[in-house]
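The values are calculated or read from the model by the stated rules, or taken from the named source; none is laboratory data. This structure is a prediction, so every number in the text was calculated from the model and none was measured. Using ideal geometry, Cβ is built from the backbone for each residue, glycine included, and neighbour counts are taken over all protein chains shown.
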Amino acid sequence: MPDHECAHCERPGTQRCSGCKDPNAWYCGPDCQRKSWPLHIFHCNPTKPINTAYYIAQAVIQDRFPDHEQALEDYGFTRAFSMENRSNLLGLYKGLYMYLDVAPKDLHRWRVRGILVQEIKAAFEKIPESHRGGYYPWFLKNQWILEPAQEAPDIGREMILRGWRYSIGDPTSNPPSDHITAIVKGWPDDKQACYEQCMMSLSKMHPGPAQRSWIDFGFCTCEDEYVESRLGVIYAQIVKQCTFNELLAAYRASSLAPLIDKYGFGADRESITHLQDVLSSTGSATSKSVWWLKSFVLADAVTLQPRRSVVADYGFMNCEQPQDQEDLKAIYKKFFQCREADPIALHNAAIAGKIFEYVGGVVKLKKKFRRLMKNLYPLPTEQSFPEIAN
């Protein structure tokens, strides 16, 4: 048996990366080392800053959406806007990297020279049309995503109109967007929440952490963007089959789970941990503060402030300096991004007054967080004050 195996193909590894001390960076030859570089670069000691094309390649290889902000901006994911467009864009890059043998350095060079669109076309045009797949034809119709000079379609208007027509049951209604917005603002909060979710579902999108529907419709329970996308697909299928009023009634009755089951997605719902917990707390019911904590720490919105329940339950009341709040927010964010993190276990730890102990078992904590994570729990019981009980 060989002492080492190739990190790329798992055949016997005969040479090790000379640029770093990664004990697993063994390869059977230069070809596998080159193919492994888009992932290995993040663990090696590159002599230059890692350009953003490598973050796209990393996402392609790991079959997920990229999460590096500048990479999202550089390669069209920010401009793509909808989940459908982002999925197609990822598929386009997958074709370039994995089937057309385009290297990250090539993609980077095309972008900085302003010829990204032209070179993508040239790469796909080299192969027979029958072998180009479905992502390239999509790209030809949506070149505006990678061409900032081209005017993007009014996606916002299209979204508003889809939600409006669905909510009133009139597929031909076509009032101005500001008229629709004014009417929706006059609706009860629960009806607005359902409208917002339907608007996104009909546009093949899902909410982000800064939006109320991210909590109300259970996206807060998803461990990553992939699971969020799965849940988004469930709602997109449901709104094709049920009316707005049926969805609203289920939301108000905290019975979205039975609605999902009714339309054949019960197994999918059950596969998402804690989704039932959130869906049973919609309408007039109250969601656990841990979900609002997760929303607060994961949202990019600078102006978003924690709810009073979050401040009291998770220690933000102990923050004496702005940096204390930033540090506490950062450590909770790190916690939620860990696979081992369980929001309901954190909730239980909070009401037991054991946040520091539980979070410290998932991520490494400095001593100062013991003070910052203190809350008023556990609450006093009658046994604590026998004179009151008597």
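When PRO207 is tested against (1) in a helix (DSSP H, G or I); (2) under 24 Å from GLY169 (Cα atoms), just one condition goes unmet, and that condition is (1). Is there a residue being buried (at least 18 other Cβ atoms within 10 Å of the Cβ), at pLDDT below 90 and part of a loop (DSSP other than H, G, I, E, B) anywhere in the stretch 21-30? Yes, that holds for at least one residue. Here GLU223 qualifies as in contact (Cβ under 8 Å) with a residue 24 or more places away in the chain and of a type outside the set (A, V, I, L, M). In the stretch 162-210, the qualifying residues are those that are surrounded by fewer than 17 Cβ atoms within 10 Å (Cβ to Cβ), free of Cβ contacts under 8 Å to residues at least 40 places away in the same chain and of a type in the set (Asp, Glu), and the one that is nearest to VAL239 (Cα to Cα) is ASP170. Of the residues making up the stretch 260-318, those that are out of contact with any Ser or Thr (no Cβ under 9 Å at 6 or more places or on another chain), of a type in the set (A, V, I, L, M, F, W, C) and over 27 Å from PRO378 (Cβ atoms) number 7. ARG252 meets all of the listed conditions (1) within 30 Å of TRP164 (Cβ to Cβ); (2) modelled with pLDDT under 95; (3) not aliphatic (A, V, I, L, M) but one, namely (2). Across the stretch 42-60, a minimum of one residue is classified as touching a Lys or Arg at 6+ places or on another chain (Cβ under 6 Å) and either modelled with pLDDT of 75 or more or surrounded by fewer than 19 Cβ atoms within 10 Å (Cβ to Cβ) (or both).
Working only within the stretch 231-258, note down all residues that are in a loop (DSSP other than H, G, I, E, B) and more than 14 Å from SER280 (Cα to Cα).
Passing the criteria: CYS242, THR243.
How many residues, within the stretch 249-276, are farther than 25 Å from LEU298 by Cα, crowded, with 20+ Cβ neighbours inside 10 Å and touching a residue at least 40 places away in the same chain (Cβ under 8 Å)? Selection size over the stretch 249-276: 0.
For the stretch 217-230, the candidate set comprises residues that are assigned to a helix (DSSP H, G or I) and modelled with pLDDT of 95 or more; within that set, the residue that is surrounded by the fewest Cβ atoms within 10 Å (Cβ to Cβ) is THR221. For the stretch 107-118, a residue qualifies if it is over 13 Å from LEU92 (Cα atoms), without any contact (Cβ under 8 Å) to a residue 40 or more places away in the chain and not small (Gly, Ala, Ser), and the qualifying residues are ARG109, TRP110, VAL112, ARG113, ILE115, GLN118.
In the stretch 259-346, counting only helices (runs of 4 or more DSSP H) that sit wholly within it, the ones holding 2 or more residues that are β-branched (Val, Ile, Thr) and out of contact with any Asp or Glu (no Cβ under 7 Å at 6 or more places or on another chain) span 289-298, 308-313.
Quick check on ALA80: is it in contact with a Leu (Cβ under 6 Å, 6 or more places away or on another chain) and not hydroxyl-bearing (Ser, Thr, Tyr)? In short, yes.
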